[in-house]
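First comes the structure, then the notes that go with it.
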Amino acid sequence: MLNQDFSNLLFFFDNESFEETDRSGFRRRVIDGEQTQLCFWRIEGGAKGSYMHKHDSHEQLGIIFRGALDFRIGEEDTQERSYLNTGDVYVAPKGVWHGDSIFIGDEELDECWILDIFSPPRDDLRKNNE
């Protein structure tokens, strides 16, 4: 075990590893485990493209690392908004509606960084992680 190469288990912060998405201002990096998946978002402040949605087969947790997030969570038609600052966390259990987000960029980069954790991993994100 001492001579095995475990380098494929390590992931370092690398700006080049973030992929553009089909939504303007959204870049992401996906890292897959067997039972858990990380989706690291770098989103331009003020970017549009978030809509109310739910994941029937996946639990989602998110932590805000830079900037802030103003969004809705709960019933599909809820108008109540929640505001999360850097360091705050949200949990969207299976089947819970969330989204309609306003992304507030930080002062340094004008970006909102969110680390989403999905369990089990989402196949639609795995396809973009090849």
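Every number here is computed from the coordinates shown, using simple stated rules; none is lab data. Because the structure is a prediction, the values reported are computed rather than measured. Cβ placement follows ideal geometry from the backbone for every residue including glycine, while neighbour counts extend to all protein chains displayed.
From the list (i) 0.94; (ii) 2.18; (iii) 1.11, can you say which value of Cα Rg over 2.2 N^0.38 Å was derived from the structure given?
Entry (iii).
In square nanometres and to one decimal, what's the mean projected area of the convex hull around the Cα atoms of segment 59-130?
5.5
Based on the mean of other beta carbon atoms within 10 Å per residue, what is the order of 13-25, 29-41, 111-123, most packed first?
Put in order of decreasing packing, that is 111-123, 29-41, 13-25.
Divide by every residue of the chain the summed helix terms, -39500 (n - 2.57) for each DSSP H run of at least 4, and state the resulting mean residue ellipticity at 222 nm, rounded to the nearest 500 deg cm²/dmol.
-500 deg cm²/dmol
Quote the FRET efficiency, to the nearest 0.05, computed for E76 versus F13 with a Förster distance R0 of 35 Å and r equal to the Cβ-Cβ distance.
Here the calculated transfer efficiency is 0.45.
Contour minus end-to-end for D56 and N3, with contour as 0.36 nm per residue of separation and end-to-end as the Cα-Cα distance?
In short, 14.9 nm is gained.
Pull out the extension gain between I31 and V96, defined as 0.36 nm times the separation in residues minus the alpha carbon to alpha carbon distance; nm, one decimal.
Fully extending the segment from I31 to V96 adds 21.0 nm.
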